[in-house]
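The values are calculated or read from the model by the stated rules, or taken from the named source; none is laboratory data. For clarity, every value in this text was computed on a predicted model and none was experimentally measured. When we count neighbours, we look across all protein chains shown, and the Cβ atoms used for this are built from the backbone with ideal geometry, even at glycine. Remember, those area values only see protein heavy atoms, side chains included, never the ligands or the DNA or RNA. Shrake-Rupley method; radii C 1.70, N 1.55, O 1.52, S 1.80 Å.
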Amino acid sequence: MLSTMISDDLVCNSWFQTSMMACWSVAVAATFIWTKVSLRSSSNTNVLASSKSLLKHSNKKISVVLPVKGVHARTTENWKTQIASSVGAEMEFIFVMESVQDPAYEAALKFKKSMEGTVAMKVLVAGESFHCSQKIHNLLVGVKQVDPRSTYVLLLDDDAEMSSTVLGELVTCLDADPRVLVASGWPHEYISPGTTPRTFACYMLLGYRLFSYLGIPFKHTKVLWGGCLLLRYKDLVSPEVGILEGWRQCGYSDDMIVGGRAHRLGMYISIPPKAMLPAKMDVDYSFARHWNYMHRQMFVLDTYADNNDRLVNLVLLLVVSFCLLIFIWFNLQVMASLGFFSLCARMLDSDGRALLARRLTQGWDGDARCGVLNVAPEFVLVLNFVLFSMAFGSGLVAHWSITRMCERVTGRRGLYTHTVNPFLLAAGTFLGLAAQCLMQGIASLVALLSDRVVWSGTTYIKRGGKVEEVWRPDGRGGLKTKPWRQSLEQCRELVG
């Protein structure tokens, strides 16, 4: 029966109550953090002040390096928003792709021609890399071509929607505190008005993004996003900081290496509250794409430049992505669901309703007190449901607050606000969160036990936390590779 879906014997078990207290502590912490994210996002978003901040730095040149791979429906539109972000400051844009066969090459050339005379642009071909990730190789080639007069370098993914406000916030962040090594933006998927997610993977992606917000509520964070990184040029090229050398030496993840250098030097990573970059969700986003994305995200956590990075990444991989999500959050969701249906079933039964009312309104029956909490079983079920509801609700509010903030920052009111039934969205996100916990936990184990991952058709094989082999399609149905030492020497000849 539903009323015995969670029996009193189970709820009264001391081990069960102890595990639920651990879940409750995580729920309370998540509620606090998501609420803080909402408050930061809902604070006064003075777009004019940020624009003036950027104008104040107009004598400081900013170079933007964009590693590009392929084209999609919004490529040109995103490039236009990135060019428009240059209002008030001298800027140069450097587009880098691996070959002239990449469709992005022709697209970038046409875009450059259309913008001729309005902004400085370069289109570069980096060539294929067999010793590090292609993105890192593209970045190395792009940074080599940066004007030495530049004060800042912005490393920006081509699929990010940019604005002058976001750029102004990043610049101000670095200018305000010399202890900040890197200012980072953060992605925010939104459901376009008039559309509805057609796949369950869309809700899993929303769940993943909710979890990611837990890392960004404070002034200084331990996380960053490689899709939008602003660094001082002198720090980026400094041998003492060692970012470029870390990339060159068989690096896989550009942002993890930058974050590792910041931690090693005792410097800070900052994500300004307005530095959220909206990205339109593909309503046909597939399960296979999401699995590949999760596998790559977890694979990153088993790459490292030194033992300190390895320890930090291992904690993130096993403690956060596996233990915390599966044994705490997933368990909390399951028990909250079963407890809710069990309480509802008791309310539908006259005897169960009377017993529930007596225990909740007339004090705890002496015979009903049990477990380490020494309370009635119904109290445990009610508290579990209430705490989870508070946490989940605060997460949804955080996502809504960020969406509204993005609209205010970009001046595009209504562009990012979905029209999906809120109950359908909440139910889908609830189930997506649960599935995301399981997938991320599995992906973390796969990343730990496997030595390879596929990224944009290229297979990367790691050893000792670094890229050891790279296999690419040869255009004839087979694969090709090159010794990593040979590839590294060619890279040194190309970028120094």
> In segment 462-473, which residues are surrounded by fewer than 17 Cβ atoms within 10 Å (Cβ to Cβ) and not in a strand (DSSP E or B)?
Replying inline: GLY464
>> Quick test for you: out of LEU229, LEU265, LEU236, LEU244, pick the one residue that is hydrophobic (A, V, I, L, M, F, W, C) and in contact with a Ser or Thr (Cβ under 8 Å, 6 or more places away or on another chain).
In response: LEU229
> Take the residues of segment 225-256 that are among the hydroxyl-bearing types (Ser, Thr, Tyr) and in contact (Cβ under 8 Å) with a residue 24 or more places away in the chain: which is farthest from MET276 (Cα to Cα)?
Replying inline: TYR252
> With respect to the numbered conditions (1) in contact with a strand residue (DSSP E or B) (Cβ under 7 Å, 6 or more places away or on another chain); (2) assigned to a helix (DSSP H, G or I); (3) open to solvent by less than 20 Å² (accessible area, probe 1.4 Å), which one is the sole condition not fulfilled by THR303?
Replying inline: (2)
>> Anything in segment 86-125 that is open to solvent by less than 70 Å² (accessible area, probe 1.4 Å) and in a helix (DSSP H, G or I)? List them, or say none.
In response: ALA104, TYR105, ALA107, ALA108, LEU109, PHE111
>> Regarding segment 454-461, can at least one residue be identified that is in contact with a His (Cβ under 9 Å, 6 or more places away or on another chain) and either assigned to a strand (DSSP E or B) or crowded, with 22+ Cβ neighbours inside 10 Å (or both)?
In response: yes
> Looking only at strands (runs of 3 or more DSSP E) that fall completely inside segment 182-288, which ones have 3 or more residues that are farther than 28 Å from LYS466 by Cα?
Replying inline: 186-190, 276-280
>> Cβ-Cβ under 8 Å, sequence separation 6+ or interchain: first residue in segment 341-354 and more than 14 Å from PRO377 (Cβ to Cβ), partner open to solvent by 50 Å² or more (accessible area, probe 1.4 Å) and not in a helix (DSSP H, G or I). Which pairs?
In response: PHE341/MET5
> Within segment 228-247, which residues are under 27 Å from LYS462 (Cα atoms) and either at pLDDT below 90 or crowded, with 20+ Cβ neighbours inside 10 Å (or both)?
Replying inline: CYS228, LEU229, LEU236, VAL241, ILE243, LEU244, GLY246, TRP247
>> Among the residues of segment 170-189, what is the count of those that are open to solvent by 10 Å² or more (accessible area, probe 1.4 Å) and of a type in the set (Ser, Thr, Tyr)?
In response: 1
> List, please: which pairs have Cβ atoms under 8 Å, are six or more places apart or on different chains, and start with a residue in segment 145-159 that is closer than 11 Å to ILE62 by Cβ and end with one that is open to solvent by 50 Å² or more (accessible area, probe 1.4 Å)?
Replying inline: THR151/LYS60; TYR152/LYS60
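Given ARG476, ARG492, which one is over 28 Å from LEU214 (Cβ atoms), modelled with pLDDT under 90 and outside any helix (DSSP H, G or I)?
That would be ARG476, the only listed residue that is over 28 Å from LEU214 (Cβ atoms), modelled with pLDDT under 90 and outside any helix (DSSP H, G or I).
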>> For segment 114-144, which positions are of a type in the set (Gly, Ala, Ser) and within 23 Å of the chain's Cα centre (by Cα)?
In response: SER133
>> Only one of VAL166, VAL141 is in contact with a Gly (Cβ under 9 Å, 6 or more places away or on another chain), buried (at least 22 other Cβ atoms within 10 Å of the Cβ) and over 30 Å from SER286 (Cβ atoms). Can you tell me which?
In response: VAL141
>> Checking the conditions here, which among LEU167, LEU140 is assigned to a helix (DSSP H, G or I) and either more than 16 Å from SER238 (Cβ to Cβ) or not hydrophobic (A, V, I, L, M, F, W, C) (or both)?
In response: LEU167
>> Looking only at segment 421-438, filter to residues that are open to solvent by 10 Å² or more (accessible area, probe 1.4 Å) and not small (Gly, Ala, Ser); which one of those is farthest from LEU210 (Cα to Cα)?
In response: ASN421
